[in-house]
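Computed from the coordinates by the stated procedures, all read-outs in this text should not be read as laboratory data. Please read these numbers as outputs of a predicted model, since none were measured by experiment. Every residue, glycine as well, gets a Cβ built from its backbone with ideal geometry; the counts of neighbours run over all protein chains shown.
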Amino acid sequence: MNVLVIGSGGREHALCWALNQSKNLNKIYCSPGNAGTAKISINVDIDQSNFENLENFIKKNKIDLVIVGPEKPLVEGIVDFLEQKNIKVFGPNKYSSKLEGSKTFTKLICDEYNIPTAKYKIIKNKNDLLNIHNEFSLPIVVKADGLAAGKGVYICNTKHTFDKAINEIFGGKFGQANKILVEEFLDGEEMSFFIISDGKTFKFFGTAQDHKKVGEGDVGQNTGGMGSYSPSRLENKILEKKILDRIIKPTFQALKNKKNEYKGFLYAGLMIVKNEPYLIEYNVRMGDPECQTILPRLKTDFFEIIYSCINQNLEEINIEWLDQKSLCIVLCSLGYPEDYKNLIPIKNLNNLSLKNNEFIFHAGTKLHDGEIISNGGRVLNFTTLSNNFRSSRVNAINLINNLNWENGFFRKDIGFKVIDK
Ligand code: AMP
Ligand code: GLY
């Protein structure tokens, strides 16, 4: 079997790594990949949105299965396109991907199926805002409707920041905006909850918690993710049942009622308020960096799980997990998420020796004349497993210190809520 993974981040390196553990695979390709995927797969550089070029490559190289990492090609309909060409592909179709691509689509499903979520209003123009401060009290959450690479969310503590958010979104900061979502602020603890589905059945695929803010103590600007840990401290069977019964099952039912199925990973971003789950958002893919903490805990052959989804017999697979605590720290380029120096050599990387509970997943890296150089703001992910989060964090920090990359910085407090209570 030959597999193509689409994407270039830490998530895709972790996907390639997990596939590479399988005995049933021949070649793994990754497009475009990074310097990490280059070690275990064949990197090819094809534009993710150029479906025809992808199809030609897939046919020419006898690829049996495509796994799509990021949301953009999913929302653009890559799955529908490839399936029409009889190519097997793991990921949700264009309709189901609206769960991530359109926040208002998801809210309407929540209304119709009584899924717990924040109270909201859809704003189409400024007249819709006339009564808004009678309907919502501060803080108010404001969201751009389409894909905004995780950046289109404002938590507004004052009327002034609220007005600014509305003006920025209607002003086109995240692309053309016809709709804005205004939402009640939920005060609780977040949890990333993952499901894998073959269209007929679905299974739990772990929990995690990421840290989006750049600064220690979860302060400062939002980023793509500075680190994560798995499992979430909130994970328990009673909560899991509530999430499945009140949120996941009605969502899949809603898609079925529209004659759609959901195949792929589903990532529910939840707020847990006094032990009750509320849906904040859906993503139609694995989380990044959550994926880099979840996959190292997986005991079952990853490729077999994915392939069972393609054949719609996920039901027969027993997904097993290591009991260990997994923690990932992201090493970033100094200055990120604002301006940073790029294309800086990372000299020491090949000298680090890793134990079998330690992993380095590349994100923004590439090869240049045989040398690994940085290629983005989030550069390397250091994941370690152990019996407790504290020692996982110590081990990850030791690895980063041993690397001693002069252009890097990282948060030393990843997992503080489960470690430094
Ligand atoms: P995002 O960029 O979509 O991940 O969201 C940025 C931050 O806003 C995340 O930490 C979300 O959990 C948080 N957030 C989004 N909606 C709400 C809400 N209704 N109440 C509280 N926090 C929220
Ligand atoms: N970790 C957040 C995301 O993947 O969207």
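Among the residues of segment 197-204, is there at least one that is within 30 Å of Ile67 (Cβ to Cβ), more than 16 Å from ligand 2 (Cβ to nearest atom) and hydroxyl-bearing (Ser, Thr, Tyr)?
Just the residues of segment 197-204 that are within 30 Å of Ile67 (Cβ to Cβ), to begin with: 197-204.
Cutting the leftovers down to more than 16 Å from ligand 2 (Cβ to nearest atom) gives us 197-204.
In the following step, the residues that additionally are hydroxyl-bearing (Ser, Thr, Tyr) were identified as 197, 201.
Yes, there is a match, as at least one residue in segment 197-204 is within 30 Å of Ile67 (Cβ to Cβ), more than 16 Å from ligand 2 (Cβ to nearest atom) and hydroxyl-bearing (Ser, Thr, Tyr).
Tell me, yes or no, whether segment 224-236 has at least one residue that is touching a residue at least 12 places away in the same chain (Cβ under 8 Å), out of contact with any Pro (no Cβ under 7 Å at 6 or more places or on another chain) and of a type in the set (D, E, K, R). Don't jump to the end; show me each part of the working.
Within segment 224-236, the subset touching a residue at least 12 places away in the same chain (Cβ under 8 Å) is 224-235.
Now narrow it down to the ones that are out of contact with any Pro (no Cβ under 7 Å at 6 or more places or on another chain): 224, 226, 229-235.
Still in the list and also of a type in the set (D, E, K, R): 233, 235.
Scanning segment 224-236 turns up at least one residue that is touching a residue at least 12 places away in the same chain (Cβ under 8 Å), out of contact with any Pro (no Cβ under 7 Å at 6 or more places or on another chain) and of a type in the set (D, E, K, R).
Would you mind telling me which numbered condition in (1) within 15 Å of the chain's Cα centre (by Cα); (2) closer than 28 Å to Asn93 by Cα Asn222 fails?
Going through the list (1) within 15 Å of the chain's Cα centre (by Cα); (2) closer than 28 Å to Asn93 by Cα, Asn222 breaks only (2).
Among Ile115, Ile122, Ile166, which is surrounded by fewer than 17 Cβ atoms within 10 Å (Cβ to Cβ) and in contact with a strand residue (DSSP E or B) (Cβ under 9 Å, 6 or more places away or on another chain)?
Working: Ile115 fails: surrounded by fewer than 17 Cβ atoms within 10 Å (Cβ to Cβ); Ile166 fails: surrounded by fewer than 17 Cβ atoms within 10 Å (Cβ to Cβ).
Going through Ile115, Ile122, Ile166 in turn, the sole match is Ile122.
Quick check on segment 133-148: of everything there that is buried (at least 17 other Cβ atoms within 10 Å of the Cβ) and over 17 Å from Phe174 (Cβ atoms), which residue is farthest from the chain's Cα centre (by Cα)?
Narrowing segment 133-148 to residues buried (at least 17 other Cβ atoms within 10 Å of the Cβ): 136, 140-147.
Filter once more, keeping what is over 17 Å from Phe174 (Cβ atoms): 136, 140.
Values: Phe136: 30, Ile140: 25 Å.
It comes out as Phe136.
So, Glu71, is that one touching a Gly at 6+ places or on another chain (Cβ under 8 Å), within 23 Å of Gly10 (Cα to Cα) and not hydrophobic (A, V, I, L, M, F, W, C) or not? Before the answer, list the steps.
Numbers: touching a Gly at 6+ places or on another chain (Cβ under 8 Å): yes; within 23 Å of Gly10 (Cα to Cα): yes; not hydrophobic (A, V, I, L, M, F, W, C): yes.
So Glu71 passes the test.
For segment 187-213, what are the residues that are over 20 Å from Phe105 (Cβ atoms) and within 13 Å of ligand 1 (Cβ to nearest atom)? Explain how you work it out, then say what you get.
Going through segment 187-213, the residues over 20 Å from Phe105 (Cβ atoms) turn out to be 187-192, 194, 196, 198, 200-201, 203-213.
The answer is Asp187, Gly188, Glu189, Glu190, Met191, Ser192, Gln209, Asp210, His211, Lys212, Lys213.
Filtering segment 207-224 down to residues that are crowded, with 19+ Cβ neighbours inside 10 Å and within 21 Å of Ser391 (Cα to Cα), which residue is farthest from ligand 2 (Cβ to nearest atom)?
Thr207
Give the residues of segment 287-338 that are assigned to a strand (DSSP E or B) and away from ligand 1 (no atom under 16 Å from the Cβ), sorted by residue number. Full working, then the answer.
So the first thing to find is which residues in segment 287-338 are assigned to a strand (DSSP E or B), and the list is 298, 321, 325-333.
Hits for segment 287-338 are Leu298, Trp321, Lys325, Ser326, Leu327, Cys328, Ile329, Leu331, Cys332, Ser333.
Just to verify a result, which residue in segment 268-278, among those that are more than 10 Å from ligand 1 (Cβ to nearest atom) and not acidic (Asp, Glu), is nearest to Leu108 (Cα to Cα)? Show your work before the answer.
Of segment 268-278, the ones more than 10 Å from ligand 1 (Cβ to nearest atom) are 268, 272, 274-277.
When the remaining residues are screened for being not acidic (Asp, Glu), the result is 268, 272, 274-275, 277.
Working: Ala268: 16, Ile272: 21, Lys274: 25, Asn275: 24, Pro277: 18 Å.
Among those residues, the one meeting the criterion is Ala268.
Enumerate the helices (runs of 4 or more DSSP H) found wholly within segment 6-65, keeping only those where 1 or more residues are touching a residue at least 40 places away in the same chain (Cβ under 8 Å) and more than 23 Å from the chain's Cα centre (by Cα).
Details: elements: 10-20, 37-40, 51-60.
Qualifying helices (runs of 4 or more DSSP H): 51-60.
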